[in-house]
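In what follows, a structure is listed as structure tokens, so that the remarks can point back to it.
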Amino acid sequence: MRRQRPTLIAVSTLIAVTLTTAAPTPATAAPPDQVTALTAHQADGYTTLAWQPVDGATDYQIERTPVDADDTPTGQPTIVGIWRPNRQINQQTPTFADAGYHPGDTFQWRVRARTGTTEQPYSDPVTATTTAPWGNPDTPGENLRTQWETTHAAQYTSDTDEYAYTAAIDTLSDRVRVVELGRTVQNRPINMLVIGHPTPPATPAAVAATAPVAINCNVHGNEPGDREACLIMARQLAFSTDPRITDLLSHTTVLIVPTINGDGRANNTRGNSTGQDLNRDYSLIRQTETTAYIRMVRDYRPVAGYDGHEFGNSRAGDLPMLPPRHQNVAQPIFDQSQDMIEGHMYTKGAEAGWWACPYGCEGGGNVGLSEETILRNTLGLKNVTNSLLELRSSGGQTRPDEGNTANNRRRKTYSALWTFQQFLDYHRADRADILNARAEAIETQAANTGRLVFRGSRPIPAHPAPHPGDSPPPLDPPPADLILDTPPCAYKLTDAQYNGTRTDGPGGVGTTVAHRIAAHGWKVITIGDDHYVPLNQPERGLIPLLLDTLGVEKLTDGERVHPTLTGRRNGPLTVTGFTCADDATINGPVTVRAGAALVTTNTTISGPLTATGAAGILLADSTINGPVRLTNTTDTISIIDATIAGPTDLSGNTTGTDTPVLAGTTIRGPLNCTGNNPTPHNLGIANTVNGPRTNQCAAL
């Protein structure tokens with residue numbers, strides 16, 4: 001998926017103003033090792049400096065001097081940046097994103113090359129006034145400012161000021177609706193901004209239909225730089241009249257969760273109030289905060305996401321990034337996530353002057369492995385194109401002026417703002433590819449083929465050539481004893497396992513396995529006292545990690561249920577109990593009795609399929625050569641990537657909180673859906689119907 005493509009240019013955020021000052025034409029030629037053609041382009045919170053490279057230069061020093069309106073220095077010149085060849089993929093057009101200053105101030109910049117330790121002559125200077133914080137101070141809405149902005153980065157925005165700020169955006173902008181996803185352990189609200197143009201869709205299902213993007217801004221309470229960027233970007237999205245912004249919001253919905261860990265942010269701690277690292281809980285969802293976020297993913301179905309962090313490594317890049325690496329993540333999602341990082345962020349970072357690189361970059365150590373509890377891996381297993389973002393928490397050798405706390409905080413926040421805006425641009429330009437990758441991943445997962453890995457990551461290369469990156473994330477191959485070569489059809493849980501009391505939550509009280517499976521949105525079939533979780537559904541790669549005996553961080557030891565019907569079977573079939581067909585050929589009609597369940601993968605049924613009062617029907621990667629009629633189903637219906645050669649009727653199915661799924665299926669006949677509660681949906685993957693679609697399935 002490495003390819004060239006047109007990319008929308010973020011005019012208002014990438015290049016707000018272009019100001020360069022040209023020195024008088026020198027009487028003699030410039031010294032041979034002097035930097036020439038220095039320019040300064042202004043953007044939100046940073047200045048992109050660009051210059052002609054000097055042959056043989058080892059690195060470059062960037063000097064900044066505060067000046068007044070007459071270009072008279074008002075402070076001492078300071079080396080604020082070191083450009084090294086490992087900063088970007090294009091070595092022939094060096095750029096540096098200078099950040100950390102107070103936006104709106106005026107500066108003079110010079111750049112000089114060094115050969116080894118020998119300093120060469122400085123370039124001619126350029127002077128420019130930097131871009132002030134976004135929003136006209138005289139325009140309601142635009143004039144909102146966070147506590148972090150009003151204190152010039154001396155203070156982070158408090159929880160109460162965050163709530164007041166987001167409530168004001170909600171009140172003043174028709175584009176924004178603030179919804180409460182849940183509450184923290186200490187009862188702080190977990191808010192999400194739902195942003196669309198001209199107004200956001202009214203329901204989670206309506207939002208899901210727009211292929212939304214989600215940004216999780218602050219999971220570790222002592223890493224708030226991304227959170228401040230999210231709050232600033234929310235103001236821009238809510239009130240900007242820039243055509244780029246309105247175009248973006250007209251083609252998707254942006255979901256921003258400023259603070260999933262409000263208790264940790266209030267106390268400036270990594271974990272929440274119970275000490276739990278929430279970024280080690282997104283699969284297990286033992287905590288109220290992670291449960292709220294996973295339910296949001298289930299209901300709003302974002303197709304792409306970013307997760308904000310800070311990285312305590314002064315040697316690393318400005319913006320270390322990492323895709324979902326777990327080997328159970330479908331290949332299309334991994335590839336699309338890598339394309340977003342390597343194909344877009346690395347390239348655009350080189351243009352803007354930010355040092356984007358794999359998580360680790362230099363001296364990264366043992367980072368970025370395969371724990372499914374980490375959000376980037378959980379989202380990947382949920383078929384979401386996504387990346388982790390780390391903000392280097394201290395300036396280090398390449399940003400020597402960031403011993404100043406405010407300068408360091410501003411660089412972190414404005415680099416995050418750049419990243420999140422680029423994320424929106426990537427989604428806008430590559431929306432079709434993202435949706436295709438998601439559809440392919442869902443169909444691949446539902447087919448339930450291939451081995452299952454309980455820990456193990458895909459390799460991540462060093463920064464692409466010619467970048468000499470020396471510390472990509474380490475290899476994390478799956479141990480032989482954590483590989484299951486032949487997947488089961490389903491997991492069976494006893495009622496005690498499914499509904500039994502748990503003590504792994506805050507205060508020794510935990511939600512049941514049933515509640516957590518429901519939060520993930522998995523389909524479950526109950527027959528008697530047993531509960532079956534089939535693997536022929538979209539999150540097939542995640543289910544075993546929580547329910548198999550090999551699971552490293554699991555909920556319970558479910559019993560593996562293997563296919564009960566394989567090969568060829570001639571004659572009518574009546575299904576009672578739980579029947580799983582895999583790689584089977586059934587020559588004859590199939591009838592599913594009341595209270596029974598049929599689960600199929602890679603199976604052909606030559607004859608009609610009829611189910612009345614069944615507990616569950618899950619068909620994936622299968623062919624039905626005849627009509628299908630499913631009525632009065634009680635637990636769940638899922639038909640994914642199937643072919644039905646005949647009329648299809650779904651009527652009177654009442655499946656509680658479980659929404660019937662009909663996705664990516666070809667129906668050679670009419671499709672009718674009547675009286676189903678809930679109404680069937682297609683997961684955003686259209687069906688092909690060679691006949692009329694009526695009633696509840698008219699839009700599927």
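The residue that is farthest from the chain's Cα centre (by Cα), counting only those in region 623-637 that are of a type in the set (S, T, N, Q) and either outside any strand (DSSP E or B) or within 21 Å of Gly607 (Cβ to Cβ) (or both), is Asn625.
Tally time: how many residues in region 665-689 are among the polar types (S, T, N, Q), free of Cβ contacts under 8 Å to residues at least 24 places away in the same chain and either in a loop (DSSP other than H, G, I, E, B) or surrounded by 21 or more Cβ atoms within 10 Å (Cβ to Cβ) (or both)? Within region 665-689, residues that are among the polar types (S, T, N, Q), free of Cβ contacts under 8 Å to residues at least 24 places away in the same chain and either in a loop (DSSP other than H, G, I, E, B) or surrounded by 21 or more Cβ atoms within 10 Å (Cβ to Cβ) (or both) number 2. Taking into account only those residues within region 504-541 that are free of Cβ contacts under 8 Å to residues at least 40 places away in the same chain and surrounded by 19 or more Cβ atoms within 10 Å (Cβ to Cβ), which is farthest from the chain's Cα centre (by Cα)? Only one residue fits best here, namely His531. Within region 32-52, the set of residues being in contact with a Pro (Cβ under 9 Å, 6 or more places away or on another chain), open to solvent by 50 Å² or more (accessible area, probe 1.4 Å) and under 18 Å from Gly116 (Cα atoms) comprises just one member, Asp33.
For region 584-597, the criterion of a residue being farther than 19 Å from Leu650 by Cα and either open to solvent by 50 Å² or more (accessible area, probe 1.4 Å) or among the polar types (S, T, N, Q) (or both) is satisfied by at least one position. Go through region 348-382 and give me each residue that's closer than 30 Å to Gly521 by Cβ, assigned to a loop (DSSP other than H, G, I, E, B) and either touching a Cys at 6+ places or on another chain (Cβ under 9 Å) or of a type outside the set (Phe, Trp, Tyr) (or both). Listed by number, the residues that qualify are Val367, Gly368, Leu369, Ser370, Glu371, Glu372, Thr373, Ile374, Lys382. Confirm whether Thr127 is among the hydroxyl-bearing types (Ser, Thr, Tyr) and open to solvent by 10 Å² or more (accessible area, probe 1.4 Å). It is true that Thr127 is among the hydroxyl-bearing types (Ser, Thr, Tyr) and open to solvent by 10 Å² or more (accessible area, probe 1.4 Å).
From Ala614, Ala620, Ala642, grab the single residue that is crowded, with 19+ Cβ neighbours inside 10 Å, modelled with pLDDT of 95 or more and over 20 Å from Thr444 (Cβ atoms). Going through Ala614, Ala620, Ala642 in turn, just one is crowded, with 19+ Cβ neighbours inside 10 Å, modelled with pLDDT of 95 or more and over 20 Å from Thr444 (Cβ atoms): Ala614.
Quick one: count up the residues across region 59-77 that are surrounded by 12 or more Cβ atoms within 10 Å (Cβ to Cβ) and touching a Pro at 6+ places or on another chain (Cβ under 8 Å).
Taking region 59-77 first, the residues surrounded by 12 or more Cβ atoms within 10 Å (Cβ to Cβ) are 59-67, 71, 73, 77.
If we keep only those that are touching a Pro at 6+ places or on another chain (Cβ under 8 Å) too, we end up with 59-60, 63-67, 73.
Qualifying residue count for the region: 8.
For Thr591, the requirement of being more than 33 Å from the chain's Cα centre (by Cα), assigned to a loop (DSSP other than H, G, I, E, B) and farther than 20 Å from Arg668 by Cα is not met. Looking at Ala266, Ala304, just one residue is more than 19 Å from Glu372 (Cα to Cα) and among the hydrophobic types (A, V, I, L, M, F, W, C), and that residue is Ala266. Inspect all residues belonging to region 463-481 and state whether any of them is touching a helix residue (DSSP H, G or I) at 6+ places or on another chain (Cβ under 7 Å) and within 22 Å of Ser283 (Cβ to Cβ). No. Within this structure, Arg244 fails the test of being open to solvent by 10 Å² or more (accessible area, probe 1.4 Å) and under 15 Å from Val219 (Cβ atoms).
Considering region 24-118, the qualifying strands (runs of 3 or more DSSP E), each wholly inside and each with 3 or more residues that are within 24 Å of Thr405 (Cα to Cα), run over 46-52, 59-66, 78-83, 95-99, 106-115.
Considering region 275-308, and only residues there that are open to solvent by 10 Å² or more (accessible area, probe 1.4 Å) and of a type in the set (Val, Ile, Thr), the residue that is nearest to the chain's Cα centre (by Cα) turns out to be Val297. Just wondering, is there one or more residues in region 542-562 that are closer than 28 Å to Ala611 by Cα, open to solvent by less than 40 Å² (accessible area, probe 1.4 Å) and in a loop (DSSP other than H, G, I, E, B)? Yes, region 542-562 contains a residue that is closer than 28 Å to Ala611 by Cα, open to solvent by less than 40 Å² (accessible area, probe 1.4 Å) and in a loop (DSSP other than H, G, I, E, B).
The values are calculated or read from the model by the stated rules, or taken from the named source; none is laboratory data. Just so you know, these numbers come straight off a predicted model, no measurement behind them. Here the Cβ is made from the backbone with ideal geometry for all residues, glycine too, and neighbour counts use every protein chain on show. To get the accessible areas, we keep the full protein, side chains included, count just its heavy atoms, and leave off ligands, DNA and RNA. Shrake-Rupley method; radii C 1.70, N 1.55, O 1.52, S 1.80 Å.
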